[in-house]
Structure formats: structure tokens, C-alpha cells
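The values are calculated or read from the model by the stated rules, or taken from the named source; none is laboratory data. The shown structure was predicted, so the numbers you read here are calculated from the model rather than taken from an experiment. Positions of Cβ are generated from backbone atoms using ideal geometry, with glycine treated the same way; all protein chains shown enter the neighbour counts. Accessible surface areas use protein heavy atoms only, side chains included; no ligands, DNA or RNA. Shrake-Rupley method; radii C 1.70, N 1.55, O 1.52, S 1.80 Å.
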Amino acid sequence: MSDLFPKQKNVGPRDWGEETLLVVAGGKYTMKKLFIRAGCKGGLQYHRKKDESGYVVSGKLRITFVGKDGVLETAQLLPGDSFHFAPG
């Protein structure tokens, strides 16, 4: 397939669920499909160059992030909510 229609790559089971790479754009942007089992969590991440965004399809997602004052904050997202974290 062309770059316009990239092939999905399942990166396999994780302790918290499953991860599938949908689009990988040269380290600048990655679109993933995540299935997170209820009660599980992933690790805190930091990206120097890559944009990250997400959309909640079902369930609830609790996200921890660095707020404007440099302190970790938490938000709960519901179906239809989205988020965007710029690099850094």
C-alpha cells in the first residue's frame, strides 16, 4: 500500500491491554489504537519531537500530564473526548 493508506501493525499484547500502530509519520506523529483493560494503566511518557493525540471511543480514560505550572495533573475523559499533547 502507499503512504496514503499505511498498513496497521499490531505491536502485541501489553500488561495493560493491546496496542496497534495505525500511522507512523517519520517520528513526528504516530496514530495508535489502544485497548486498555479496566483497572490497568500505562506508564508516564515524554516526547521531545512527536505530537500525541487521542480520542476516547468507549469507557473512561484517566490521563496524567504536566500542567502549565509544571506539576502533574490528572483528567478523566469520557467517550467523545479527545486530547492533544504537543512535543515536550
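Note on the stretch 47-63: residues that are without any contact (Cβ under 8 Å) to a residue 24 or more places away in the chain and surrounded by fewer than 14 Cβ atoms within 10 Å (Cβ to Cβ) total 5. Can you spot a residue in the stretch 2-23 that is at pLDDT below 85 and among the acidic types (D, E)? Yes. Tell me, yes or no, whether the stretch 27-44 has at least one residue that is more than 18 Å from I63 (Cβ to Cβ) and surrounded by fewer than 10 Cβ atoms within 10 Å (Cβ to Cβ). Scanning the stretch 27-44, I find no residue that is more than 18 Å from I63 (Cβ to Cβ) and surrounded by fewer than 10 Cβ atoms within 10 Å (Cβ to Cβ), so the answer is no.
Contact map, the stretch 1-24: first residue within 20 Å of A38 (Cβ to Cβ), second residue open to solvent by less than 60 Å² (accessible area, probe 1.4 Å) and of a type in the set (A, V, I, L, M), Cβ cut-off under 9 Å, separation 6 or more or different chains; pairs are E18/V11; E19/V11; T20/V11. Looking across the stretch 24-53, the residues that are assigned to a loop (DSSP other than H, G, I, E, B) and hydrophobic (A, V, I, L, M, F, W, C) come down to A38, C40, L44. Scanning the stretch 29-71 for residues being out of contact with any Leu (no Cβ under 8 Å at 6 or more places or on another chain) and over 22 Å from G12 (Cα atoms) gives a total of 8.
Checking D51, D15 one by one, the residue that is charged (D, E, K, R), under 18 Å from G88 (Cβ atoms) and out of contact with any helix residue (DSSP H, G or I) (no Cβ under 7 Å at 6 or more places or on another chain) is D51 and no other.
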